[in-house]
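Some notes on the structure that comes next.
Bear in mind these aren't lab numbers, they're just calculated from the coordinates by the rules spelled out. Only a predicted model underlies this, so the values are computations on that prediction, with no experimental measurement involved. All Cβ positions, even for glycine, are placed from backbone atoms using ideal geometry, and neighbour counts span all protein chains on display.
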Amino acid sequence: MQLRTFLTTAVAAAATLALAPSLGLAQAKYKSEYRMSLVLGTAFPWGKGGEIWADKVRERTQGRINIKLYPGTSLVQGDQTREFSAIRQGVIDMAVGSTINWSPQVKALNLFSLPFLFPDYAAVDAVVQGEVGKEIFKTIDKAGVLPLAWGENGYREISNSKHAIKAPGDLKGMKIRVVGSPLFLDTFTILGANPTQMSWADAQPAMASSAVDGQENPIAVYMAAKLQSVGQKYMTLWGYMNDPLIFVVNKEVWASWTPADQAIVKQAALDAAKEQIAIARKGLVEPGKPLVKELESLGVSVTDLDAAQRKAFADATKSVYTKWKPQIGTNLVDMAEKSIAASRK
Ligand code: X2X
């Protein structure tokens, strides 16, 4: 090819590219609908976060990016522990997911399930919004999924149908439904309970039929799922772990968007996550914890552990913490411990 012909062709190609947006060519790669996976739907703070994100993206991209919600982890037939792989593979385009459900694929995410690591919300914020949160995002990125923002399912409290739990001995022999990671089996086994792993979809019928005696989830989840109606009469506020959520996008989908749209999706995730965290904490951060009052008004017997009672549970589960620390990454856990200590000064 002669230099001049080459240049003419190159200039023409560049011009076409520059014109592409107005011709609608750039949009050719966009799907008519993007699929967002969620475990819990819009009746829950979790699903609300997904909805807020989707709405902001649709609005700010003038409908170029149109997201449909798939609650109940329906894109992986309700199997929460397969969600992360499905995002990586593109079966799912984006998600707001729990660190617990993704921890089988990303070991570092077990950090949040270490019993009694997070004494309060300030500790949670110091970890996820600080250096540790950044480190974990790098790990998720390396594992093949693009993380954009931290949200929150909440502090997981324990409920059951038998009797009030005030001391580790009260859990003895209780059948407790647990989630995703083997760490949970260790925690509940050491407390003398009989943990059994199942999806959220299977958990509710299991409670209704008394196949299990108890479960652990944030109060907002308990209330929206109406667990009092499946016999969960006793609730203990032990705050043994905080379950963060992560707003993510499949990498190929991300690469198919223009830089301007990528920036919109990211900012929308950050804005939605902030709103989502406020929704998840509503009624728990105000004086008198109105959400706990609401729970009691449903006839639920609530036990709020004092510091000494809580310490008894922390002491009883210390060996699980020690066993899992190196599996999660000693450096990462050290970093988290330091951030938490600094947040308490
Ligand atoms: O299954 C659960 O307990 C839930 C809904 O909280 C999660 O997906 C982690």
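Numbers for the structure displayed
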quantity: Span from the region 120-157 Cα centroid across to the region 164-209 one, whole angstrom; calculated: 25
quantity: Cα-based convex hull, region 190-246, per residue volume (Å³, whole number); calculated: 116
quantity: Convex hull of region 39-114 built on C-alpha atoms - directionally averaged projected area, nm²; calculated: 5.5
quantity: Relative packing of peptides 150-161, 75-86 - highest average C-beta neighbours within 10 Å first; calculated: 150-161, 75-86
quantity: Packing-based ranking, highest mean first, of 65-73, 231-239, 300-308 given that Cβ atoms within 10 Å are counted; calculated: 231-239, 65-73, 300-308
quantity: Entries in Lys29/Lys142; Lys172/Lys325; Lys31/Lys56; Lys31/Lys251 that, when Cα-Cα distance is taken, lie over 20 Å; calculated: Lys29/Lys142; Lys172/Lys325
quantity: Proportion of all alpha-carbon pairs of region 131-274 beyond 21 Å (%); calculated: 53
quantity: Calculated SAXS-style log₁₀ I(q)/I(0) at q = 0.06, 0.09, 0.11 Å⁻¹ - the chain, Debye, Cα scatterers; calculated: -0.25, -0.51, -0.73
quantity: Contour minus Cα-Cα distance for Ala341 and Lys226 (0.36 nm per residue); calculated: 37.8 nm
quantity: Eligible aspartates and glutamates near Lys338 by straight Cα distance, threshold 18 Å, same-chain separation 8 or greater; calculated: Asp120, Asp125, Glu131, Glu135
quantity: Helical segments meeting 24 Å axial Cα length and Kyte-Doolittle 0.0 threshold in the chain (DSSP H); calculated: 3-23, 259-281
quantity: Relative packing of peptides 102-109, 223-230 - highest average C-beta neighbours within 10 Å first; calculated: 102-109, 223-230
quantity: Theoretical FRET efficiency, 1/(1+(r/R0)^6), r = Cβ-Cβ of Lys166 and Lys293, R0 25 Å, to 0.05; calculated: 0.80
quantity: Aspartates and glutamates with Cα under 14 Å of Lys318, excluding same-chain neighbours fewer than 8 positions away; calculated: Asp186
